[in-house]
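This report refers to the structure that appears directly beneath it.
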Amino acid sequence: MRYERPTTLQAASQLLAKEKGSAYVLAGGTDLLVRLRTGFIEPDLIVDIKRIASTRTIAKTATGFKIGAAVSGAELGENAALKKAWPGVVEAANLIGSKQVQGRATMTGNLCNASPAADSVPALVAAAAKVVIAGPKGKRTIPVEQVPVGPGKTSLKKGEIIEAILLPKRPARSGDAYLRFIPRTEMDIAVVGVGVSLTLDAKGIVTAARVSLGAVAPTVLLVPAAAKAIIGTKLDAKALDALAAAASAACKPIDDKRGTKDYRIKVAGVLAKRAAKIAQQRAGGK
Amino acid sequence: MSSIKVSTTINGDPTEYVCEADETLLDVLRNRLGLTGAKEGCSTGDCGACSVTIDGRLTCSCLVLGAEMDGAEIGTIEGMASGEKLHPLQKKFIEHAALQCGICTPGFLIAAKSLLDHNPKPTETEVRFALAGNLCRCTGYDKIVRAVMDTAAEMRRA
Ligand SMILES: Cc1cc2nc3c(=O)[nH]c(=O)nc-3n(C[C@H](O)[C@H](O)[C@H](O)COP(=O)(O)OP(=O)(O)OC[C@H]3O[C@@H](n4cnc5c(N)ncnc54)[C@H](O)[C@@H]3O)c2cc1C
Ligand code: FES
Ligand code: FES
């Protein structure tokens, strides 16, 4: 195995593209190192992106936030402006692992690891986040939900690296939230995760919403029907029930030791309601 | 396999080592540098026995490659006491009998110090959450939590 630490995206992309054996990007390493140590993968080349300056910063731009691919969960939690604009995204990222894991783990790694239960991904999908991908043929930008295509699989092509995650600018009266259910209070994998982002008008009526579910299908889901159930409402009991029903209906879960299908379907609805209420409060509604 | 040369600072001392690309920082500390304070409990990031700080941030050294450390500042348990003088956390761990076999202790001390550096007045809940990445098979955690709370109180008085 070789270890490379290039300082430009171009060089990193070329190293990956040229490699004949198996090559992996290294960000925080909290997934990659576990897979390496357990013999699950045997890389010929590891390309550490942490020396590439643009992957290390959180920038507030005219169109929102640009979060470098190597920014750790701990760094996200310390950025007051980001936390204020996107509390749900930051809380989701900060749920990943322990304080030790937070010191390294990135949202981009969480996304590219492509676990159906990745905690930050439903929050990013609800937030309508995009990723900037750098590759041998230049850069392209795609919605976050198009990155994972199945458990452990992404749509990234050979030589492609995610440079940053883009979060859009928030209209007034907007809020987001992420909730997960785990049997413990910390250090566990989501049985169900729900991200909700919404915008209210001056009267408190939901004018825009996105709802996303984790751990209930092979990839994180965007559920337009669940958003539709609350748009045009003040999140009264009827709207919340419709939201829960739409969220449950979208689930295609598996049975495993963490939860049965029926349980996941039910909990997805319950969490969707709760997350929507939190997002509403954060948007200044009640 | 090609060996990689790495220059770091460990507990304030400039340190150079050579390692293989697939060696973890934990391997380097224990097997190459003789710093055996960090323990290997799981090597999958779950137990926290290998906790160190890298550029001031708490991390599991089993989840980091030795090769990644060029230019980094590493803090290990060996740097916690000043000479013979124990850190207040170390003293309180002894006083409260917050250890039995001791395998988890270096990790708990590093994690607890990192907490107190950022939050000198944690609540019990904050202490428990901050130490959730450290597992102990012996003590049942209560004595550890009490030792950390007591240290925080004493350091605030000092
Ligand atoms: C003890 C422990 C607890 C955990 N708890 C949780 C949890 O509660 N919730 C959760 O969701 N996850 C959890 N995880 C999993 C892991 O920490 C997260 O998925 C984390 O966000 C991964 O980020 P990373 O930067 O460490 O990724 P890395 O390990 O560096 O990379 C992960 C994958 O993504 C690829 N990759 C990384 N960056 C890029 C890039 N910029 N471009 C292209 N590909 C890239 C890598 O090649 C690799 O395949 C836990 C892990 C551990 C060890
Ligand atoms: S040995 Fe590193 S966390 Fe257990
Ligand atoms: S004292 Fe034995 S594991 Fe904690």
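The values are calculated or read from the model by the stated rules, or taken from the named source; none is laboratory data. These figures come from a predicted structure and were not determined experimentally. Positions of Cβ are generated from backbone atoms using ideal geometry, with glycine treated the same way; all protein chains shown enter the neighbour counts.
Annotations
- Within the range A:232-253, the residues that satisfy the criterion of being of a type in the set (A, V, I, L, M) and touching a helix residue (DSSP H, G or I) at 6+ places or on another chain (Cβ under 9 Å) are A:235, A:239, A:240, A:242, A:243, A:244, A:245, A:246, A:247, A:249, A:250.
- Any hit, the range A:157-167, residues being surrounded by fewer than 19 Cβ atoms within 10 Å (Cβ to Cβ), assigned by TED's automatic domain parsing to the domain that holds residue A:17 and under 30 Å from residue A:255 (Cβ atoms): no
- Candidate set from the range B:110-137 (those that are exposed (fewer than 15 other Cβ atoms within 10 Å of the Cβ) and more than 13 Å from chain A (Cβ to nearest Cβ)); member that is nearest to residue B:47 (Cα to Cα): B:137
- Within the range A:1-66, strands (runs of 3 or more DSSP E) holding 1 or more residues that are within 11 Å of another protein chain (Cβ to nearest Cβ): A:2-4, A:23-26, A:45-48
- Sole exception among (1) in contact with a Gly (Cβ under 8 Å, 6 or more places away or on another chain); (2) part of a strand (DSSP E or B); (3) more than 21 Å from residue A:267 (Cβ to Cβ) for residue A:140, by number: (1)
- Scope the range B:78-109; condition within 16 Å of ligand 2 (Cβ to nearest atom), surrounded by 14 or more Cβ atoms within 10 Å (Cβ to Cβ) and away from chain A (no Cβ under 14 Å); matching residues: B:103, B:105
- Selection within the range B:107-138 - part of a loop (DSSP other than H, G, I, E, B) and of a type in the set (D, E, K, R): B:121, B:137
- Near pairs, Cβ below 8 angstrom, 6+ apart or cross-chain, from the range B:32-47 (in contact (Cβ under 8 Å) with a residue 12 or more places away in the chain and within 7 Å of ligand 2 (Cβ to nearest atom)) to any residue that is of a type in the set (D, E, K, R) and not in a loop (DSSP other than H, G, I, E, B): B:40/B:30; B:43/A:37; B:44/A:37
- If the condition is being within 11 Å of chain A (Cβ to nearest Cβ) and in contact with a helix residue (DSSP H, G or I) (Cβ under 7 Å, 6 or more places away or on another chain), then the range B:1-42 contributes B:4, B:6, B:19, B:21, B:22, B:23, B:24, B:25, B:26, B:27, B:40.
- In the range B:44-61, the residues that are more than 7 Å from chain A (Cβ to nearest Cβ) and surrounded by 24 or more Cβ atoms within 10 Å (Cβ to Cβ): B:47, B:49, B:50, B:52, B:61
- Looking only at the range A:75-114, and only at residues there that are among the basic types (Lys, Arg) and more than 14 Å from chain B (Cβ to nearest Cβ), the one that is nearest to ligand 1 (Cβ to nearest atom): A:83
- Listing of strands (runs of 3 or more DSSP E) fully contained in the range B:1-106 that carry 3 or more residues being aliphatic (A, V, I, L, M) and in contact with a Phe, Trp or Tyr (Cβ under 6 Å, 6 or more places away or on another chain): none
- Search result, residues across the range A:169-191 that are surrounded by 14 or more Cβ atoms within 10 Å (Cβ to Cβ), more than 14 Å from chain B (Cβ to nearest Cβ) and more than 14 Å from the chain's Cα centre (by Cα): A:170, A:173, A:174, A:175, A:181, A:191
- Residue among B:111, B:132 that is within 16 Å of ligand 3 (Cβ to nearest atom) and touching a strand residue (DSSP E or B) at 6+ places or on another chain (Cβ under 7 Å): B:111
- Number of positions in the range A:127-165 that are of a type in the set (Ser, Thr, Tyr) and closer than 19 Å to residue A:47 by Cα: 2
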